[in-house]
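K.L.:
To start, I am sharing the structure in question, which I have written as structure tokens.
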Amino acid sequence: MSSADVWVIGAAMTPFGRFADKDVLDLATEAALDALGDAGTTIRDMDALAVGNMYQADAHNAQRLQKQIGQTGIPAYNVVNACATGATAVRVAWLSIRAGEADYGLAVGVEKMGKMGLLGGAAKKRADRKVFTPSGRYGSVAKPEGLLGTGLMPGVFAQAGTEYALRHGVSAEQFAEVARKNHAHSVLNPLAQYRKEFSLAEITGAEMISYPNTLPMCCPTGDGAAAVVLVSDAKLRTLDPDVRRRAVKISASVLTSDPWTESAQVQPDVNTLTRAAADQAYEKAGIGPDDLDLVELHDCFATAELLHYDNLRLCEPGGAGDFISSGGPWRDGKTPVNVSGGLLSKGHPIGATGVANLFEVVTHLRGEAGDRQIEGARVGLTHVIGLASACAVHILERAA
Amino acid sequence: MTNQIPIVDYLVLGNPPHLRAHGCDACDALYLDRRNACARCSGRDFSSRKLSNSGRVRAFTVVHRAAPSIPTPYTSVVVDLDGGGAVKANLLDTTEPAEITPDLRVELTTFVVGTDDDGTEAVGFGYCR
């Protein structure tokens, strides 16, 4: 334990799903109050608030949340950072504590997406286009989607997967097996958006969205929120023994963005920044991939999860296909991955995702995960990546 | 003769048609979009570079679900061009994943994608094996 350590003492999430009768503030309030209560604190103890939210970022939901649960005048940060939005909000609270400005920080991630359809597809319709006129940074005269390849999320992550497959020989069935695993895991998670197991044949035979990803290999859109309460090491020492016993240490908190690579000029490179984040996190925590008892990683599509086995060093270089075939990432395997059901089945309300995966790991490290508990879990890793690009990795350890 | 305009300004409708990039004078990084500076070395000076019409498939997908206006299935590829540069476009002559093998070689081709009210044709590009 060192004076610079930051701890999680409260964690909560709402169920993920589609909640027509709840708005962003209902969801954020529920998660925030549950996390504050879990920590034995109230909003009045908090020195900083960070709220991650993508699709209503200009609504300033941090302050709107304060207006529901307590306007105490503390710094409130509105955070948006693609699919790393929630994790970045956690880092804002973490940085506030590390900077010595806060003893307590509350981070909330929230999203209400409903049924948005294919993300990346909502390009604005051009004005009445009677005469071809070049516009934009590519001097384009027509929407490129479908004419110059695909930039929609299913296609982007499919291409990321086939790039790996062409190089290392991964089959469509191996990608599908990732989805079989996560859907099977989600059956044990009462907070998951879907809790239905599928056979491999059902997955490979489902509607093809963007090869090799079929429908159950793509995460759903949805609604939900999650929150964590962070505390400084000095403050933790003054708290109730029961709070200290359940405290979980943030052994590393890392955020990276894209370094320049040639192919990423036309197709996002989800690997380089993930590898950089993982390597920095392992070094800071003094922990290696073999030490991890569970991992919650960003399986927005089945293809993505497979790549991240390699990027997070959970398998031999180039060996991600073998890793899934060996059963390594199943809940009874070498390194359980996405025992929550992952984005594929637990759901992916974007702003909430990077906080919810901390909730999942914290809950296991406390031994409080019920039917889905990974027995004896002491160390876990969370990972999110959003196309901007932004990648966040956290390594968490239970109190000794 | 019909007027033609490229779908994007990095397609040059010469004979033969080809792609051009903005190359960083300092580090040779290549960009298809209008630039303010170089993301690799922060240089400010660029010159036009002609890219190769041939290359190898780095990544692909066959898109089955798309907006109603887009015919499916179609194949999207990322191509590493010979001599440098990468581009995303459609692979025009197959939608069969098994036919896309490691380092598949492809060549650029152009086609008319639409005509405006002045009769000007927009010309797109894609790749064939």
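The values are calculated or read from the model by the stated rules, or taken from the named source; none is laboratory data. What you see is a predicted model, and the numbers here were worked out from it, not measured in a lab. Here Cβ is always computed from backbone atoms with ideal geometry, including for glycine, and neighbour counts include all displayed protein chains. Just the protein is used for accessible areas: all its heavy atoms, side chains included, with ligands, DNA and RNA removed. Shrake-Rupley method; radii C 1.70, N 1.55, O 1.52, S 1.80 Å.
K.L.:
Cβ-Cβ below 6 Å, separation at least six or inter-chain, first residue in the stretch A:196-207 and farther than 10 Å from A:E177 by Cα and outside any helix (DSSP H, G or I), second open to solvent by 60 Å² or more (accessible area, probe 1.4 Å) and hydrophobic (A, V, I, L, M, F, W, C): which pairs?
P.N.:
A:A206/A:L215; A:E207/A:L215
K.L.:
Can you find a residue that is modelled with pLDDT of 95 or more, away from chain B (no Cβ under 14 Å) and in a helix (DSSP H, G or I) anywhere in the stretch A:100-112?
P.N.:
No: the stretch A:100-112 contains no residue that is modelled with pLDDT of 95 or more, away from chain B (no Cβ under 14 Å) and in a helix (DSSP H, G or I).
K.L.:
Looking at the stretch B:45-53, can you tell me whether even one residue there is aliphatic (A, V, I, L, M) and either at pLDDT 95 or above or open to solvent by 30 Å² or more (accessible area, probe 1.4 Å) (or both)? So that I can check it myself, show each step before the final result.
P.N.:
Within the stretch B:45-53, the first condition is being aliphatic (A, V, I, L, M), and the residues that meet it are B:51.
Restricting the remaining residues to those that are either at pLDDT 95 or above or open to solvent by 30 Å² or more (accessible area, probe 1.4 Å) (or both) gives B:51.
Yes, the stretch B:45-53 contains a residue that is aliphatic (A, V, I, L, M) and either at pLDDT 95 or above or open to solvent by 30 Å² or more (accessible area, probe 1.4 Å) (or both).
K.L.:
Restricting to the stretch A:161-191, give me the number of residues that are open to solvent by 10 Å² or more (accessible area, probe 1.4 Å), under 16 Å from A:L343 (Cβ atoms) and of a type in the set (G, A, S).
P.N.:
Going through the stretch A:161-191 one residue at a time, the tally reaches 1.
K.L.:
Could you run through the stretch A:267-283 and say how many residues are open to solvent by 20 Å² or more (accessible area, probe 1.4 Å) and either in contact with a Ser or Thr (Cβ under 7 Å, 6 or more places away or on another chain) or of a type in the set (A, V, I, L, M, F, W, C) (or both)?
P.N.:
Residues flagged as open to solvent by 20 Å² or more (accessible area, probe 1.4 Å) and either in contact with a Ser or Thr (Cβ under 7 Å, 6 or more places away or on another chain) or of a type in the set (A, V, I, L, M, F, W, C) (or both) within the stretch A:267-283 amount to 4.
K.L.:
What are the residue pairs meeting all of these: first residue in the stretch A:61-81, first residue touching a residue at least 12 places away in the same chain (Cβ under 8 Å), second residue among the polar types (S, T, N, Q) and surrounded by fewer than 19 Cβ atoms within 10 Å (Cβ to Cβ), Cβ atoms under 6 Å, and 6 or more apart or on different chains?
P.N.:
A:A76/A:Q63
K.L.:
Which condition number in (1) at the interface with another protein chain (Cβ under 10 Å from one of its Cβ atoms); (2) of a type in the set (D, E, K, R); (3) out of contact with any Pro (no Cβ under 8 Å at 6 or more places or on another chain) is the one that B:K50 fails?
P.N.:
Of (1) at the interface with another protein chain (Cβ under 10 Å from one of its Cβ atoms); (2) of a type in the set (D, E, K, R); (3) out of contact with any Pro (no Cβ under 8 Å at 6 or more places or on another chain), only one is false for B:K50: (1).
K.L.:
When only residues in the stretch B:58-88 that are among the β-branched types (V, I, T) and facing chain A (nearest Cβ under 7 Å) count, which is surrounded by the fewest Cβ atoms within 10 Å (Cβ to Cβ)? Talk me through it step by step, then tell me what you get.
P.N.:
Of the stretch B:58-88, the ones among the β-branched types (V, I, T) are B:61-63, B:70, B:72, B:75, B:77-79, B:87.
This time we only want the ones that are facing chain A (nearest Cβ under 7 Å), so: B:61-63, B:70, B:77-78, B:87.
Details: B:T61: 31, B:V62: 23, B:V63: 26, B:I70: 16, B:V77: 27, B:V78: 23, B:V87: 26.
My answer is B:I70.
K.L.:
For A:L236, state whether it is farther than 30 Å from A:V24 by Cα and open to solvent by less than 20 Å² (accessible area, probe 1.4 Å).
P.N.:
Numbers: farther than 30 Å from A:V24 by Cα: yes; open to solvent by less than 20 Å² (accessible area, probe 1.4 Å): yes.
Here the answer is yes, as A:L236 does meet what is asked.
K.L.:
Restricting attention to the stretch A:143-157, report how many residues are touching a strand residue (DSSP E or B) at 6+ places or on another chain (Cβ under 6 Å) and within 7 Å of chain B (Cβ to nearest Cβ).
P.N.:
Filtering the stretch A:143-157 down to residues touching a strand residue (DSSP E or B) at 6+ places or on another chain (Cβ under 6 Å) leaves A:147-150, A:154-155, A:157.
Checking which are within 7 Å of chain B (Cβ to nearest Cβ) leaves us with A:147-150, A:155.
So the count comes out to 5.
K.L.:
Can you find a residue that is free of Cβ contacts under 8 Å to residues at least 12 places away in the same chain and not acidic (D, E) anywhere in the stretch A:305-319? First the steps, then the outcome.
P.N.:
Filtering the stretch A:305-319 down to residues free of Cβ contacts under 8 Å to residues at least 12 places away in the same chain leaves A:316-317.
The next check asks that each one be not acidic (D, E); those that pass are A:317.
Yes: one or more hits.
K.L.:
Tell me, please, whether a residue that is closer than 26 Å to B:A29 by Cβ and of a type in the set (A, V, I, L, M) can be found in the stretch A:308-322.
P.N.:
No: the stretch A:308-322 contains no residue that is closer than 26 Å to B:A29 by Cβ and of a type in the set (A, V, I, L, M).
K.L.:
Shifting gears a bit: Just for the stretch A:243-264: of the residues that are more than 18 Å from A:A390 (Cβ to Cβ) and in a helix (DSSP H, G or I), which one is nearest to the other protein chains (Cβ to nearest Cβ)?
P.N.:
Out of the qualifying residues, it is A:S263.
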